[in-house]
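Participant: Let me give you the structure first, and then I'll get to my questions.
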Amino acid sequence: MDVQATIHEQVTTHPVVLYMKGTPAMPRCGFSASAVQVLRACGVKEVFAVDVLADEGIRQGIKEYANWPTIPQLYIKGEFVGGSDIMREMYESGELKQMLADVV
């Protein structure tokens, strides 16, 4: 399976997917740590996290998949949501929690 097909399979078969640097238990950059913190604050208990540092193909491929240059990237029910700044803004407005309501 090529990288784009792998990414598509990941984002469409898991309700909440976070492409990040590191893992939720041990984020390896501040933006990834912030993304995990926001998801936890929204009540997300299970997130399918993909450590882009472990796979260079995924690291580059995810940027092409969403046409978004930065990591982390959040997907909810197959839909690209955004990076950590967008996640924080959506959390503060209540929009992110609303989007996650039927998946947490």
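Bear in mind that the values in this text are calculations on the coordinates, not laboratory data. Nothing here was measured: the structure is a model prediction, and the numbers come from that model. For neighbour counting, all protein chains shown are included, and Cβ atoms are generated from backbone atoms with ideal geometry for every residue, glycine included.
Participant: Say we look at segment 4-37 and pick out the residues that are within 16 Å of I62 (Cα to Cα) and among the charged types (D, E, K, R); which of these is surrounded by the fewest Cβ atoms within 10 Å (Cβ to Cβ)?
Facilitator: The selected residue is E9.
Participant: Sort out which residues of segment 31-52 are outside any loop (DSSP other than H, G, I, E, B) and over 14 Å from the mean Cα position of the chain (by Cα), and write them in order of number. It would help to see each step written out before you state the result.
Facilitator: Taking segment 31-52 and keeping what is outside any loop (DSSP other than H, G, I, E, B), we get 31-41, 48-52.
Across segment 31-52, the qualifying residue is only A41.
Participant: Could you check segment 15-31 and list, in sequence order, the residues that are within 21 Å of Y91 (Cα to Cα), without any contact (Cβ under 8 Å) to a residue 60 or more places away in the chain and touching an Asp or Glu at 6+ places or on another chain (Cβ under 9 Å)?
Facilitator: Y19, M20, K21, T23, F31, listed by residue number.
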